[in-house]
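Let me begin by presenting the structure, written as structure tokens, before commenting on it.
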Amino acid sequence: MPPAAARLALIRTHLARLTLLQRFALTGGAVMVIAMLVIGSWVTSVISARVVESTAAATALFMDSYIAPLAQELDSQDALSIGPTRALDRSRLKMAQ
């Protein structure tokens, strides 16, 4: 017998010796472990997606409410004047802390 077939026969022999309660417990445990892995990976992917969406929304709100008014003069000029430049530098320094 090839080694794989011998191992399979050995497993079948051991399973045949188990009582019905032991088989049920073994099968139920295996099903629970598989379910935990599947549900855990699904929950992880959902949480990751929500974190990315939340961060994107917060960034868009910040840009819209704070940065956009300071950068309005870029519509008509190539560079910002000193006032908005200093305000942007201050906000960048506050975020770095």
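All of the numbers you see were taken from the coordinates with simple rules; none came from a lab. Being a predicted model, the structure only gives us computed values, none of them experimental. All Cβ positions, even for glycine, are placed from backbone atoms using ideal geometry, and neighbour counts span all protein chains on display.
Go ahead and collect, in residue order, the members of segment 64-78 whose backbone nitrogen is under 14 Å from a label point 7 Å along the Cα-Cβ direction of Leu88.
Zone members listed by number: 64, 66-78.
If the only charges are +1 at each Lys and Arg Cβ and -1 at each Asp and Glu Cβ, what is the size of the charge dipole of the chain around the Cα centre, to the nearest 20 debye?
Here the chain has a charge dipole of around 1060 debye.
For labels at Phe62 and Ala49 in the simple 7 Å Cα→Cβ model, what's the distance in nm?
Output for this residue pair reads 2.5 nm.
Name the residue from Ala87, Met32, Ala71 whose Cα lies farthest towards the positive end of the charge dipole of the chain, charges +1 on Cβ of Lys and Arg and -1 on Cβ of Asp and Glu.
Of the candidates, Met32 comes out farthest on the positive side.
Measure nothing fancy, just the Cα-based angle from helix 82-96's long axis to the longest principal axis of the chain, in degrees from 0 to 90, nearest 10.
30
Please give the helix 20-62 orientation as an angle from the longest Cα principal axis of the chain, in degrees from 0 to 90, rounded to the nearest 10.
10
Give me the angle, in degrees from 0 to 90, between the Cα long axis of helix 3-17 and the longest principal axis of the Cα atoms of the chain, rounded to the nearest 10.
Here the helix axis deviates by roughly 70 degrees.
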